[in-house]
Structure formats: C-alpha cells, structure tokens
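Notes for the one structure printed next.
Every number in this text was worked out from the coordinates using simple rules, so none of it is lab data. Keep in mind that this is a model prediction, so the values were computed, not measured. Counting neighbours? That spans all protein chains shown, and the Cβs are built from the backbone with ideal geometry, glycine included.
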C-alpha cells in the first residue's frame, strides 16, 4: 500500500484535475487498506471504488459514481458473490470487497493457485480485464447482461486464449519469467498476468530502448509483429501505471499513433508529459514526448523511495475466503439437515396425529356400538322384567282378591276363599258370550298367578343358592360362582319373561292396565 | 320371611285344604252379596226364589267327588258349563298355590329320609 501512497503523492503535485476514477483509487489507497477490513462490513468509503471495479469487470452497465448502495449495485455485488462461490446476499462485506479488489486493483500480487480455483466465468472476466488493459484485447469484458452462447461463446473463449498466448510471447520476448511459460490458463501464467508490479519492475531499463529476447519456441512470431505487439503492450503497461499513479488516463483507451484531442488531455502522452514535469525530468523539453526506458527507470526510483512494507499476505485472504466458503457450505448442509429433520418430525407428528385420530374414531365407534348393544339389551331385559312384574302383580291380585277381579253382578260374580272354595253367581241377564269372556279372563289371571308362583320360586332358589355358595366359598371363587348362578337364573327368568309378555298381550286392554293401577297404588 | 310365616299369612283364611267346594247360582244378584254375611244373604235369596242353584261340586283330597247338577229346565246348558269352568278354575288355582310353594315343600320333604320298602 505504501507504493500506492507514493504514487498518489506524485499525482498530488500535478495541475490537472483528477477524474472520478482517480479519486476513487486514491480513497482506496488511503482508506481501503486490507488490514482494517474486518471492522466494517459495508463502509461507504469503499462503495465508489467497488462500483468502479464491478463496472470494469462487466457486472455493471455504467459507473454512476454514487456513494450509496443502490439496487443495481446490490445486484452486481450479488452476481459477483455468486460467481465467487459465496452466499449471494448482495452485501459488500470484507471478504467480497477484498476478493473484488484483489481481482481488479492491479496493485496486489495474486497467487496463481487462488486464481485457478475461481469459477471459470469470473476468472475469464478478470483475465479479460487484464488483457484488455495491457492492449492485448480490443474490447473490455462484456456486460454480464449479455449472455454469450454457441459460436459467440466459442469465439470469445478463442479470443481470450489467443490473447493469453500473446501475453506468453511477450513474457518470453521481454524476459518477465525466468523460464519458458506454458501457454494457457495455468497458475504460472495467471500469477504473472495478475502481478502488475512485477511486470513493471521486470521491464528492461538500460538505455533508451527495449531489448528483445528470442521468441517463444512454441509461439513463434515474426520480427515486425513482435515489435508491434511489444510496442502496444509496453504503452498500455505504462498507461496502467500512470492510472495507478493518479494521472488522467484510463487503462485500455490508448492509441499508439499519437496524442488524443486538441490539448492532448486524457492520452498517454499528456500523462507522460505531466509525469515528466512532476518529476522534473529532461524529457519534458521534447515537444513530442516518447515513451521509453526512462519512464520505467523513474517508476523504479519511485518504488525504491517508497516503503518496503510488505503487501497484504495473499495467503491470509485465501484462508479467510476458504474458511468463509467452508462455513457457508457447512451452514448450507446444516440448514438442509435441519430442514429435513424438521420436515421428518412434522411428517411423524402428522402421522401420529392421523393415527390417533383414526384409532380414537374407531374406538369411539366401538364404544358407541357396545353402548348401543348394551342399551338395547338392558332395555329388552327391563321390558321383559317389567312384563314379569306386571304378570306377577296381576296373579297375586287374583290370589288375594274376593270377589275375583272382573266379577260383575250383571254378568258373573265369584266370591272365593283363600283356599279357592268358590261361590259362583251368574246373573239371569248374563249372555253366553259374557260368561265365556269372563271365564277366559279368569283363565288368564290364573295363568298369571301360576307364572308369578314360578317366578317367586326361582327367586327363592337363587337366594338359597347364593347363600349356600357364599357360606361355602368366599372371595373371588364365591363371586364367580354367584355370577354363574345369576347367569343361569337369568336364562330361566328370560324364558319366563317371554311367556309373561305373551300372557300380557292376551289380556284385554282394560285388564292389562290393572297391574299398572295396582303398582301405582303400591 | 320364612316359609312358616308365609304359610301363616296365606292360610289365615284357609279353612279346609282337604276339600274343595264350588257352588253355582243363577238369578238376580244383589250388589252386596260380599262380606261376612254373604252366605246368609245367599240363603235368603235362594229361599225367596231370586236365586236358583245350578250346581254344587265337592272334591275331597282322597279323590272323592260329590256333585249336584240341577235339572231345572229353566237353567240353560251354558250355566252348567260355567259351573264346570268354575270347578276347573278352582282346581287349577289351588294347584298353582301348591306349585308356588313346592320349593319349600320339596326341601322339607327332601330332608325326610323315606324308605320305599318301609
């Protein structure tokens, strides 16, 4: 970071106005130090810089320079997080910001191994930005809203591969790498591409020109094409360095043919002129300043003047990002597990509830049926016992009463004693039908008395048996015996009850109500 | 209540269980021929000619039956039939009473060791 501070000091002496991007980069170098990132998750001072970086990578259509996170920026951050493999919450947290700066700021050394682990789409964007900035590609990274498919996607990949091969050729021609690099998206090539300081420092600074080495054996290049390639690359490398120093230029807008605009502002030459004036160099007197080894010598001097403070340890960010991804993955697993557990418990509870509801419903139906059967049985037993009682009452009414029930002085009148000696008086006005009806009713009463007698005898037998059983056996066995006896007695009583009902049905209506009248009186 | 006390209450008005008497009359029946003096009223009505005797049946326990049936032509057959029905009803009623107490009777009798050879 001290390197950047030194570069800004150089720019501070210039008379030109800094553009918004330069200001943002200054704020980045002054406040956005990676070491204090944990303190604030969404520090508004980082918002403009982050917005610019996202725009450079193609996650935003334009850079509006706002200091607040609006909907577009939130979506862009989320898209970046998604390609980075982080939870896409749209928050500009420390990890997100560090990763973004690392890919885009040109001021950090980035490990090739970290780059190769990135998602292919994000790596392609970052590589595209570097290659474009160094003049190896004509267009900046495509906007994310443009989806490339089919032949266009293949062409895009082919163009990246070819540009990367050009970079490997340049590395061979300018001696950036110690050995020969293997073309392709490998860690060594990517580490070199993403190490701007190393590229600048590796530039040959002896004399006024540049020394070219033998071309790459796998990537042969004709002399003229090599010179054109080297010229464009070195010019863009200087442009990026001037941009980092805070001058009014942007990477990728350089035209090697000459100054831009009437005043030459915003071009490499105007920036070089300002740089030479700021550093009070001899080249400033030349009306058409040319880029040469002097520029990189001066940059080396600036870098040596600066602090030797180490840059941010990439391994630290790597570990942080790795831990964050691991935690996010673990959190996802826990959430999935929790959701499944919750779902399982919910299903189990639902099943148990359904089962209980079903079981209770069945039990309720059973109990209702049992109760219905018991009620019917009890009602039937009650009706039958009631019939017996009525018949017994009528029988004993006949037994005790004199004259016998139904006696009528206008028809038949019977006066009897307890031993059933009878005096029968038949009225002279009695008809044959009346006499017959009387004796029919008398027969019914007699049968009722007989049935009543049998019933009392049965009760007596039962009482006797129970008393004997109780005397003989006590406890559960005695109770069981009594119950058996009761059951047997009930069977006989039910047979008598049936007979009683038939008998009651034979009585005329008025006679049948006699028992009720007697019971009511009783 | 024991069978003894039951018997006492039931047989309070039983005069003679060894004999069964049924008498049947016909004529104009007074409304109050019941009560303690009913027998006297019946005799008075019979003597005055208001009541005619249809039949008298007496049955002894040993099976002897004494029966009087009037041959008065004014007495129709259905009155005789009524008398026989009354006799039958009396018999069956008495049988029913015996049946009712047969449990106690059986128990009492069962406790007595009877040797058929004796």
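For the reader, a short list of remarks on this structure follows.
- Look at the stretch B:47-53: the mean tally of other chain Cβ atoms within 10 Å of its residues' Cβ atoms is 1.
- When each of the peptides A:131-137, A:220-226 is scored by how many other beta carbons lie within 10 Å of its residues on average, the order from highest to lowest is A:131-137, A:220-226.
- Sorted by Cβ density within 10 Å, fewest first, the residues A:156, B:25: A:156, B:25
- Mean projected area in nm² (Cα convex hull; one quarter of hull surface) for the range A:354-478: 14.0 nm²
- Averaged over peptide A:408-418, the number of partner chain Cβ atoms lying within 10 Å of each residue's Cβ comes to 5.
- Least to most buried among B:84, A:439 (fewest other Cβ within 10 Å first): B:84, A:439
- Inter-chain neighbour count for B:22-28: the average number of beta-carbon atoms from partner chains within 10 Å of each residue's beta-carbon is 6.
- For the pair residue A:368 and residue A:331, the difference between a 0.36 nm per residue extended length and the Cα-Cα distance amounts to 8.0 nm.
- Prolate/oblate/rounded label for the range A:85-156 (Cα gyration tensor, a/c 1.5): oblate
- Residue ranges A:360-373, A:447-460 sort as A:447-460, A:360-373 when ordered by packing (mean number of other C-beta atoms within 10 Å per residue, highest first).
- In this label model, residue A:356 and residue A:428 are separated by 9.1 nm, measuring between points 7 Å along each Cα→Cβ vector.
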